[in-house]
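Presented below is the structure to which this report refers.
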Amino acid sequence: MSGSVIPVCRPLLPGLDDLTPYIRAIDGSRWYSNFGPLYRQLVDRLGGTRGVPGDNVVVLANGTVALTLALQAQGVREGLCMMPAWTFIATPMAAEAAGLTPWFVDIDRAGWSLTPALAESYLRLAPGPVAAVMPVAPFGAAVDTAAWDAFTERTGVPVVIDAAAGFDALTVGRTPSVVSLHATKAIGVGEGGAVFSTDAAMVEDIRQRSNFGFRGTRLAAVSGGNGKLSEYACAVGLAALDRWAVRRQAFLARAERYREALGAVLEFQPDFGSFASATCVVWTERRPAAALQQALAAAGIETLRWWQAACPDHPAYRDARSTEVPVSRRAAASTLGLPMSIDLDVDDIDRICVAVRRELDRNARDPA
């Protein structure tokens, strides 16, 4: 790859050889969806990676559906859903699909996220009844699940954690945590999502809602929809787990290379290098993200401003309810995703880091 344009993201899912045993199993069972044998294997193995039984995991068609059903399973019907203003746009869309109204609040600068303490202070400022809170794990950072469990115990407000990129950093608590299994994540199936919770009854409720609300009969007991993951997608997930240990180490090694080269001049996404991440997001106060992106593009390095605007600044949410969100807007203007992939060459990482340092040094000499 060295010498050519370095892409910001190069997803890599299991290939034909890795998938073949699982596809043959599907051919043999002729069970293609609706919680088949591979589904059962996948939830058991995913749970095992997080130290919980498979009954504490449900896999679904995508992460957005998973967020929506996790909200519905906690009995929320209407009201505000408090969430950070700086997040991927799927977060408010999932709340709306669950019948809630997004209410955007600001984030903690140190952790790039909405904390339980911040959320509790915002409850006193709410412009209406708060039915739920949806904190976000920025780019997969670890979330204090126990603290959110305690938040719900104190306030009575249900919480769903949007931990889309947070599979490897996840600690399972009662509060449902949703991870994405999209192809761009550290482990993925193409399109998919998973919910983890120590509350097996809640997990089972989510599973039933993903199958039209059926609970053992052909009569819908609760409102739901079709959020199931096919056996073919489960095959991809199982093949990915077969190679997870090697894949995880590859991501960690690339993160370490970045930290060694740029740790003195840039702030990395929270917990970067302590868990497998398919992104490398940096916060730079010395150069606006858009300007750094332009300079790196000229050097043949593709980058991406993953969350380039606070949610209230998206056209779809300009009239949404929101507090003042200066930190969220600062984050949107100051963060940039550098190339990160499972097969990113060491030489390419060095080339990226040299280009970043050169641009930061040039800007320090000539800020104009």
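The values are calculated or read from the model by the stated rules, or taken from the named source; none is laboratory data. Quick caveat: nothing in here was measured; it's all calculated off a predicted structure. Here the Cβ positions follow ideal geometry from the backbone for every residue, glycine too, while neighbour counts run over all protein chains shown. Please note that ligands, DNA and RNA were not included when accessible areas were found on the heavy atoms of the full protein model with its side chains. Shrake-Rupley method; radii C 1.70, N 1.55, O 1.52, S 1.80 Å.
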Can you give me the relative contact order of the chain as a percent, contacts being Cα pairs under 8 Å and 6 or more apart? 23 percent
Nitroxide proxy distance, nm - points 7 Å out along Cα→Cβ at Glu96 and Ala316: 0.5 nm
Gain in length, Arg109 to Arg362, computed as 0.36 nm per residue apart minus the alpha-carbon separation, to one decimal in nm? 88.4 nm
Dipole size in debye (nearest 20) for the chain around its Cα centre, Lys and Arg Cβ +1, Asp and Glu Cβ -1? 320 debye
I'd like the distance between the alpha-carbon centres of the range 132-148 and the range 215-242, rounded to an integer number of Å. 25 Å
Heads up, the range 242-362 by the C-alpha gyration tensor (a ≥ b ≥ c square roots of eigenvalues; a/c under 1.5 rounded, else a/b over b/c prolate, else oblate) looks oblate
Accessible area of the chain belonging to carbon and sulfur atoms, whole % at 1.4 Å probe: 52 percent
Which residue fluctuates the most in the chain, going by a Gaussian network model with Cα springs under 10 Å, if the choices are Asp27, Asp108, Asp149? Asp27
With label points set 7 Å from each Cα along the Cα-to-Cβ direction at Ala253 and Leu304, the distance between them in nm comes to 2.4 nm
Just to be sure I understand: with springs between alpha-carbon atoms less than 10 Å apart, which residue in Arg45, Arg330, Arg30 has the highest mean-square fluctuation in the Gaussian network model of the chain? Arg30
Label-point separation (nm) for Glu120 and Asp44, each offset 7 Å from Cα along Cα-to-Cβ? 4.1 nm
Which sequence of Met93, Met134 reflects their accessible areas, 1.4 Å probe, from the largest down? Met93, Met134
Roll a 1.4 Å probe over the protein heavy atoms and report the accessible area of Thr171 in Å², nearest 10. 90 Å²
Pull out a ≥ b ≥ c, the square roots of the eigenvalues of the alpha-carbon gyration tensor of the range 166-228, then state rounded if a/c is under 1.5, prolate if not and a/b is larger than b/c, and oblate in the remaining case. oblate
Over the range 172-257, with neighbouring protein chains present, the accessible area per residue in Å² at probe 1.4 Å is 39 Å²
Per-residue accessible area for Val327 at 1.4 Å probe radius, Å² rounded to 10? 30 Å²
With bins 5 Å wide starting at 0, give me the P(r) of the range 126-216 over every alpha carbon pair, in whole percents. 3, 13, 21, 22, 19, 13, 7, 2, 0
Kirkwood Rh over alpha-carbon pairs of the chain, then Stokes-Einstein at 25 °C and 0.890 mPa s: what D in µm² s⁻¹, rounded to an integer? 115 µm²/s
Hey, if you drop one equal point scatterer on each alpha-carbon of the range 246-285 and run the Debye formula without solvent, what base-10 log of I(q)/I(0) do you get at q = 0.18 Å⁻¹? -0.43
Excluding Gly63 itself, calculate the net charge of residues whose Cβ lies under 12 Å from the Cβ of Gly63, where each Lys or Arg counts +1 and each Asp or Glu counts -1. -1
Of Glu153, Glu191, Glu120, ordered by accessible area with the largest first and a 1.4 Å probe, the sequence is Glu153, Glu191, Glu120
Solvent-accessible ranking of Ser223, Ser277, Ser4, largest area first, probe 1.4 Å: Ser223, Ser4, Ser277
For the range 273-310 and the range 329-352, compute the distance between their C-alpha centroids and round to whole Å. 6 Å
